[in-house]
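The block underneath contains the structure these notes are about, expressed in structure tokens.
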Amino acid sequence: MQGLGVRELGVSAVREAFDVALRAALTLSELDDIRVRFTGKKGELTVLLRSLGKLPPEMRKEAGQEVNALRDEIEARLEETGRKIREAENEKQEKSERIDVTLPAKGRRTGAFHPVMQTMHEIANIMQGLGYSVASGPEIEEDYYNFECLNVPKWHPARDMQDTFYFPDGKLLRTHTSPVQIRAMHQYGAPLRIVCPGKVYRRDNDTTHSPMFNQMEGLLVDKDVSFSEMKGTITEMVNAFFGRSLKSRFRASYFPFTEPSMELDIECVECSGHDEHCRVCHGTGWLEVAGMGMVHPNVIRAGKINPDEYNGFAFGIGLDRMAMLKYGIADLRLLFDGNVSYFLSGFGGAESC
Ligand code: PHE
């Protein structure tokens, strides 16, 4: 009879209803609804608890135990399910926010040096390895350094070799890096080993000449410097730059500031002299890359060094030419017209540019 009384109370019906509801709960707010539905003021469990008072006293104890057990169970299960849902939600959030440190980085596109600057750095590096320092001088130069000190007086016909941009005050855009020879001798005295890379300017503008181009001057002043030291130094530099041993030849030439003077030709890097239609050497098999010579005693003297005690050699390399040869750039103008896509494409398609 007693059992029946408890059953009438509906404990198991409430437990079942709670069970079904709880299983379906996926979120904390759904769980809250269940909590209200069963334990709120008018909740199914609350109603059960209240109805205990209306039972005949002999049934109260057992029914009370059952209902209290159900209350404990409901509270425990609400608690547990709440914890599980919170855990699952935390995990989900963590997963969505997790940073995968093993993913490859997005990377950043870096810039690159212009081929001429690259060439300049490479050659300066090679020369530094041979004990040379890097010097510099102004691009707006005085006639005195650009010509006079270099054994080119006003009347000298060699001035015509380098058609010059003059400023109204008589200053000029340096036509070569050779004035730095004088400036370096004045500044450092002898013995001396310097290279000086930089821009130079001449009134020239066609497919093979630009009004601005880049040179690297080299100057060594010491005692008993020999011609073969000069040849060895230049050959070493060129081979190190191209990364292989190229044939070279020295041709007699003329510069007012060196005596004797030479020009260096190197074996054509494109065809090695095997292609009579070669676009680089035009079938000659040789490429002219530098002027040089033993420094004229007048120049040593202009550098305030005693030419009876010291001598030396100097050279001037065309950096644009060297860059074109090393990187296979067919047209000089491409170096100056800022065609970025041409350079990004690995210097290809010169014809189409
Ligand atoms: N200054 C010369 C030129 O521009 C090159 C050169 C430099 C020649 C040093 C001899 C010695 O043509």
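The values are calculated or read from the model by the stated rules, or taken from the named source; none is laboratory data. These numbers were taken from a predicted model, which means no experiment stands behind them. Note: ideal-geometry Cβ built from the backbone for every residue, glycine included; neighbour counts use all protein chains shown.
Summary table
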| item | result |
| --- | --- |
| Verdict on LEU264 being modelled with pLDDT under 95, surrounded by 15 or more Cβ atoms within 10 Å (Cβ to Cβ) and more than 16 Å from the ligand (Cβ to nearest atom) | no |
| Residue under evaluation THR177, criteria (1) in a loop (DSSP other than H, G, I, E, B); (2) touching an Asp or Glu at 6+ places or on another chain (Cβ under 7 Å); (3) farther than 22 Å from HIS209 by Cβ; (4) not hydrophobic (A, V, I, L, M, F, W, C), criterion not met | (3) |
| Some residue of the range 183-193 being over 36 Å from the mean Cα position of the chain (by Cα) and within 16 Å of the ligand (Cβ to nearest atom) | yes |
| The range 300-309, subset more than 20 Å from MET127 (Cβ to Cβ), crowded, with 16+ Cβ neighbours inside 10 Å and touching a residue at least 12 places away in the same chain (Cβ under 8 Å), residue farthest from the ligand (Cβ to nearest atom) | ILE305 |
| Selected residue (criterion: farthest from the ligand (Cβ to nearest atom)) from residues of the range 202-219 that are in contact with a Lys or Arg (Cβ under 7 Å, 6 or more places away or on another chain) and in a strand (DSSP E or B) | MET212 |
| Test for ARG109: is it farther than 29 Å from ASP337 by Cα and surrounded by fewer than 15 Cβ atoms within 10 Å (Cβ to Cβ) | no |
| Every residue from the range 142-199 that is among the polar types (S, T, N, Q), under 16 Å from PHE313 (Cβ atoms) and in contact with a Phe, Trp or Tyr (Cβ under 9 Å, 6 or more places away or on another chain) | ASN151, SER178, GLN181 |
| Flag for ARG23 being out of contact with any helix residue (DSSP H, G or I) (no Cβ under 6 Å at 6 or more places or on another chain) and not in a loop (DSSP other than H, G, I, E, B) | yes |
| Residue count for the range 236-261, restricted to those that are surrounded by 15 or more Cβ atoms within 10 Å (Cβ to Cβ) and small (Gly, Ala, Ser) | 4 |
| When residues of the range 310-331 are limited to those that are more than 16 Å from the ligand (Cβ to nearest atom) and either outside the structural domain of HIS296 (by TED's automatic domain parsing) or at pLDDT below 90 (or both), the one nearest to the chain's Cα centre (by Cα) | TYR327 |
| Residue within the range 221-235 that is surrounded by fewer than 22 Cβ atoms within 10 Å (Cβ to Cβ), more than 11 Å from the ligand (Cβ to nearest atom), in a helix (DSSP H, G or I) and of a type in the set (Phe, Trp, Tyr) present | yes |
| Out of GLY316, GLY293, GLY312, sole residue that is closer than 15 Å to MET185 by Cβ and either touching a strand residue (DSSP E or B) at 6+ places or on another chain (Cβ under 6 Å) or exposed (fewer than 15 other Cβ atoms within 10 Å of the Cβ) (or both) | GLY312 |
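Conditions (1) surrounded by 12 or more Cβ atoms within 10 Å (Cβ to Cβ); (2) touching a residue at least 40 places away in the same chain (Cβ under 8 Å); (3) not small (Gly, Ala, Ser), marked per residue:
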| position | (1), (2), (3) |
| --- | --- |
| GLY82 | yes, yes, no |
| LYS92 | no, no, yes |
| ARG98 | no, no, yes |
| MET120 | yes, yes, yes |
| PRO138 | yes, no, yes |
| PHE147 | yes, no, yes |
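Residues checked against (1) at pLDDT below 90; (2) closer than 14 Å to GLU73 by Cβ; (3) among the hydrophobic types (A, V, I, L, M, F, W, C):
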| residue | (1), (2), (3) |
| --- | --- |
| GLN2 | yes, no, no |
| VAL14 | no, yes, yes |
| ALA17 | no, yes, yes |
| ALA24 | no, no, yes |
| ARG35 | no, yes, no |
| PHE38 | no, yes, yes |
| THR46 | no, no, no |
| SER51 | yes, no, no |
